[in-house]
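The next block holds one structure in the form of structure tokens; read it before the comments.
The values are calculated or read from the model by the stated rules, or taken from the named source; none is laboratory data. Worth saying up front: this structure is predicted, and the values here are computed from it rather than measured. When we count neighbours, we look across all protein chains shown, and the Cβ atoms used for this are built from the backbone with ideal geometry, even at glycine.
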Amino acid sequence: MPKTGLTSDQIKERAIACTIERMRKFGYEKVRLSEIARDLGVSHAALYSHFTDKAALFDAVTERWLLDVDGKLAAHCDPSKDPLACITEWCVELHKAKCEKVRFDPELYRAFNFSAQMEKPFVQNHINTMKTQLLELVERAIAKNMMKGDAGDAKRIVALILDATMSFHHPVLVVDRINESREDDLRNLLKTLYAGMR
């Protein structure tokens with residue numbers, strides 16, 4: 001255990017929390033690893049052993065948020081509930097998560113947007129997790145004859161839903177329309193899609 005009395009995992013966790021706080025206070029561009037190290041009471045070198053550079057620290061911040069989003073989306077995948085209702089609430093949850101981040105944590109959203117543009121592995125993992133969750137919901141809807149097709153059509157339907165709702169969850173498009181209240185529009189769009197898939 002280092003001289004701070006913190007374990008390696010604790011240093012990582014506190015570095016992420018400190019980075020989030022500094023991003024909120026001073027902005028994305030003004031965060032410095034040396035200042036994070038000073039706040040934690042560790043050497044710059046000690047922090048570098050956990051994060052190779054500022055980009056790696058920002059990645060850790062963004063990955064933390066995406067894992068939180070994955071968990072919130074998973075809560076709408078209850079197999080005991082109507083799959084179409086679950087798909088709707090899943091899509092609304094994704095939309096709300098992006099909108100809330102833009103409105104209340106714009107600097108953290110900038111970090112996420114940068115990571116998405118760079119196609120970082122943890123962003124791809126998040127996308128794959130979303131597709132897996134949505135695929136399970138679509139397969140259940142097909143099995144209950146709520147959607148046309150068979151299991152082989154499920155991936156195509158997932159792609160269709162994600163494409164049709166793109167402006168409600170794409171990082172750039174969410175920012176473009178952040179001043180609009182669009183949840184009802186999303187629900188109505190999904191109702192139209194379901195009607196066409198029956």
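With respect to Lys54, is the statement that it is outside the structural domain of Arg182 (by TED's automatic domain parsing) and either of a type in the set (D, E, K, R) or buried (at least 21 other Cβ atoms within 10 Å of the Cβ) (or both) true?
In short, yes.
Considering only the range 127-152, how many residues are under 23 Å from Arg177 (Cα atoms) and surrounded by 18 or more Cβ atoms within 10 Å (Cβ to Cβ)? Break it down into steps so the answer makes sense when it comes.
Kept after step one, since they are under 23 Å from Arg177 (Cα atoms), are these residues of the range 127-152: 127, 130.
Checking the rest, the ones that are also surrounded by 18 or more Cβ atoms within 10 Å (Cβ to Cβ) come to 130.
Looking only at that region, the number is 1.
Pick out, from the range 96-198, the helices (runs of 4 or more DSSP H) lying fully within it that include 1 or more residues that are more than 30 Å from Lys30 (Cα to Cα).
In the range 96-198, 121-143, 154-164, 166-169, 183-197 are the helices (runs of 4 or more DSSP H) which contain 1 or more residues that are more than 30 Å from Lys30 (Cα to Cα).
Could we say that Lys155 is surrounded by 15 or more Cβ atoms within 10 Å (Cβ to Cβ), charged (D, E, K, R) and touching a Leu at 6+ places or on another chain (Cβ under 9 Å) here?
no
Which condition breaks for His76 when tested against (1) part of a helix (DSSP H, G or I); (2) buried (at least 18 other Cβ atoms within 10 Å of the Cβ); (3) within 18 Å of the chain's Cα centre (by Cα)?
His76 satisfies all of (1) part of a helix (DSSP H, G or I); (2) buried (at least 18 other Cβ atoms within 10 Å of the Cβ); (3) within 18 Å of the chain's Cα centre (by Cα) except (1).
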